[in-house]
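S.K.: Quick one: this structure, given as structure tokens, is what I'll be asking you about.
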Amino acid sequence: MTVTSSDLDTGTGYGRPASAHDARLTEVGPGTPMGEALRRYWHPVASSSGLTSDLPHRVRILSEDLIVFRTRSGRPGVVFERCAHRGSSLYYGRIEEDGIRCCYHGWKFDVQGHCLEQACEPDRGRRRDVARQPWYPVEERYGLVFVYMGPPELKPPLPRYEFLEDLEAGETYVTELRVPGSEVTGALIDFNWLQAFENTMDPVHATWLHYTHSGPQFDGVGTTGAPHSFYDPYAVSDKIEYFKTDHGVGYRQRYEVEQPDGSTLTRYWSPEVHVPNIMLLPDFVKVVPDGRHDCALFDVPVDDTHYRAFMTARTADPDRLARITNSIKQNGKQPWELTEEEHQRYPADFEAQGSQGPITQHSEETLATSDKGVVMLRRLLKQMVDDVEAGRTPQNVDSGEAKPRRTTAGHFTEGVTVPFSGS
């Protein structure tokens with residue numbers, strides 16, 4: 001009997017076509033579909049408290065090399081790193097009252113790129129008005145410095161969020177992630193931004209990765225956090241509801257809490273994401289049901305294989321963000337304290353997402369029902385790209401005066417009306 005290849009069902013990898021990533025979703029450089037869509041939005045580029053008038057900072061955003069600085073008079077600015085004169089880096093520039101001065105020949109530029117002085121030229125530059133350092137508009141809000149890198153004629157107002165407005169007595173904006181190197185320009189992570197962003201719409205990973213596979217990794221599980229039953233991998237799928245919102249997508253995950261009188265209280269954990277790259281996560285360490293949501297996380301693409309994480313929270317607790325960012329423990333340790341064997345035995349988000357590769361190969365995915373939230377988010381992002389290509393205004397790009405946006409995110413008790421949340 002002759003056996004042919006068609007008679008065999010080996011499942012081996014031999015002869016498979018080359019894998020590929022979805023460029024429309026992941027590539028962010030100038031001229032790319034997603035890159036042009038993301039340029040219609042404001043993105044955080046630095047923390048307000050960390051951006052002092054001492055030294056400029058390098059940032060790479062959407063595959064462009066930039067310098068962010070604050071003049072001695074207090075104005076933040078973002079300009080191209082390469083000096084318009086002879087190309088020296090303004091990272092080595094000197095900050096002055098009204099701008100930044102290049103180290104090479106002393107040309108000085110203001111926050112809008114105007115050349116104020118050419119130190120070594122006659123009359124300090126008789127034609128200095130001809131020189132213009134490429135720049136981008138900058139605004140500050142909620143403890144962060146934002147940059148807009150899109151078409152000037154289409155610049156929208158900087159978004160506002162109701163849950164971050166009207167600080168109460170003792171409150172301030174906290175942006176410090178307590179991650180080395182993140183104090184000013186955010187935490188740098190070395191894989192594609194979408195792998196992190198879509199993780200927010202993947203609730204079952206918390207059940208398996210952070211609990212069943214690696215052991216309970218969240219501080220407070222079973223005490224101040226969600227009960228152990230929240231992480232049952234064989235019951236989680238029936239307790240999740242996905243939905244669209246006015247600004248993106250979200251989900252609610254139901255869990256029950258036994259009361260001292262023997263009754264059961266039903267609660268919901270409900271994150272939300274806003275297009276294009278904003279995550280609204282309730283506190284999963286110290287659960288405070290029915291309180292106002294108070295923080296936002298931004299995954300800002302650096303280039304195709306890196307992103308920066310920024311976060312801001314309204315709070316009277318200076319350790320608020322540190323409690324969240326340091327709450328996922330791997331074998332009781334922080335990620336930078338682990339041996340290679342411990343990384344392998346007790347993986348968390350960065351191991352799982354980073355091991356997908358610098359850009360995950362979408363052609364190799366096998367999606368299932370638990371990926372519904374991820375699929376919904378990807379569809380919204382593709383719609384955003386389609387809208388920009390068709391000349392339409394994409395979701396969450398405001399015109400006129402920005403209206404404060406509401407959120408569905410939070411910890412809710414069934415039947416309780418929560419202040420400052422969406423319907």
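The values are calculated or read from the model by the stated rules, or taken from the named source; none is laboratory data. Everything quoted here is computed from the prediction, not taken from an experiment. Cβ atoms come from the backbone with ideal geometry, glycine included; neighbour counts cover every protein chain shown. Ligands, DNA and RNA are excluded from the accessible area calculation, which covers all protein heavy atoms including side chains. Shrake-Rupley method; radii C 1.70, N 1.55, O 1.52, S 1.80 Å.
S.K.: If you average the sequence gap of Cα pairs under 8 Å that are 6 or more apart and divide by the length of segment 249-317, what percent do you get for the contact order?
M.R.: Dividing the mean separation by the residue count of segment 249-317 yields 20 percent.
S.K.: State, to one decimal in nm, how far the label point of residue 208 lies from the label point of residue 266, with both points 7 Å from Cα in the Cβ direction.
M.R.: Modelled inter-label distance: 2.7 nm.
S.K.: Related question: Within straight cross-link reach of residue 155, meaning Cα distance under 25 Å, which lysines are found once same-chain residues fewer than 8 apart are removed?
M.R.: Output for residue 155: 382, 403.
S.K.: Pull out the extension gain between residue 105 and residue 319, defined as 0.36 nm times the separation in residues minus the alpha carbon to alpha carbon distance; nm, one decimal.
M.R.: Full extension from residue 105 to residue 319 adds 72.7 nm.
S.K.: As I understand it, the dipole of the chain uses +1 on the Cβ of Lys and Arg and -1 on the Cβ of Asp and Glu, about the Cα centre. Which of 374, 316, 113 lies farthest toward its positive end?
M.R.: So the residue we want is 113.
S.K.: Count the net charge of all other residues whose Cβ sits under 11 Å from the Cβ of residue 277, scoring Lys and Arg as +1 and Asp and Glu as -1.
M.R.: That works out to -1.
S.K.: Please compute the length gained on full extension between residue 342 and residue 390, using 0.36 nm multiplied by the number of residues separating them and subtracting their Cα-Cα distance.
M.R.: Difference between extended and current length: 12.4 nm.
S.K.: Calculate the dipole size of segment 331-386 relative to its Cα centre from +1 charges on Lys and Arg beta carbons and -1 charges on Asp and Glu beta carbons; express the result in debye to the nearest 20.
M.R.: 380 debye
S.K.: In addition: Using the Cα centre of the chain as origin and beta-carbon charges of +1 (Lys, Arg) and -1 (Asp, Glu), tell me which of 302, 346, 177 is placed farthest towards the positive end of the dipole.
M.R.: Result: 302.
S.K.: Then there is this: Take residue 178 and residue 54, extend 7 Å from each Cα along the Cα→Cβ direction, and tell me the distance between the two endpoints in nm.
M.R.: Inter-label distance under the simple model: 2.1 nm.
S.K.: Sticking with this structure for a sec: Which residue fluctuates most in the GNM of the chain (Cα springs below 10 Å): 130, 236, 179?
M.R.: Comparing 130, 236, 179 in a Gaussian network model of the chain, the most mobile one is 130.
S.K.: Now for a separate question. Springs between alpha-carbon pairs under 10 angstrom, Gaussian network model over the chain: which of 97, 81, 340 fluctuates most?
M.R.: Of 97, 81, 340, the Gaussian network model singles out 340 as fluctuating most.
S.K.: Oh, and also: Net charge near residue 241, counting Lys/Arg +1 and Asp/Glu -1 over other residues with Cβ under 13 Å of its Cβ?
M.R.: +2
S.K.: To the nearest 0.05, what FRET efficiency results for residue 292 and residue 190 with a Förster distance of 41 Å applied to their C-beta separation?
M.R.: About 0.75, to the nearest 0.05.
S.K.: So what is the relative contact order for the chain, in percent, with contacts set as C-alpha pairs under 8 Å and at least six apart?
M.R.: 20 percent
S.K.: Whole number in Å², please: accessible area per residue of the chain, 1.4 Å probe, ligands, DNA and RNA not counted.
M.R.: Heavy-atom SASA per residue in the chain reads 48 Å².
S.K.: Using +1 on the beta carbon of Lys and Arg, -1 on that of Asp and Glu, and nothing else charged, what's the dipole of segment 7-124 about the Cα centre, debye to 20?
M.R.: 300 debye
S.K.: Cut-off 10 angstrom, C-alpha nodes, Gaussian network model of the chain. Which of 83, 103, 120 fluctuates the most?
M.R.: 120
S.K.: Select from 99, 186, 236 the residue farthest towards the positive end of the dipole of the chain; place +1 on Cβ of Lys and Arg, -1 on Cβ of Asp and Glu, and compute about the Cα centre.
M.R.: Looking along the dipole axis, the top candidate is 99.
S.K.: If you average the sequence gap of Cα pairs under 8 Å that are 6 or more apart and divide by the length of segment 162-266, what percent do you get for the contact order?
M.R.: About 14 percent, as a whole number.
S.K.: Going by alpha carbons, how many degrees (0 to 90, nearest 10) lie between the helix axis of 372-389 and the longest principal axis of the chain?
M.R.: It is inclined by approximately 30 degrees.
S.K.: Measure out, as a whole number of angstrom, how far apart the alpha-carbon centroids of segment 59-134 and segment 330-378 sit.
M.R.: Measuring centre to centre over Cα atoms gives 41 Å.
S.K.: Also, quick follow-up: Considering only protein heavy atoms and a probe of 1.4 Å, how much of the accessible area of segment 1-144 is carbon and sulfur, as a whole percent?
M.R.: The C+S portion of the solvent-accessible surface of segment 1-144 is 47 percent.
S.K.: To the nearest 20 Debye, how big is the dipole of the chain about its Cα centre, given +1 on the beta carbon of each Lys and Arg and -1 on that of each Asp and Glu?
M.R.: 1280 debye
S.K.: Could I ask something else about it? Grab the DSSP H runs of the chain that are 4 residues or longer, score each as -39,500 (n - 2.57), total them, divide by all residues and round the 222 nm result to the nearest 500 deg cm²/dmol.
M.R.: My calculation for the chain gives -3000 deg cm²/dmol from helical runs alone.
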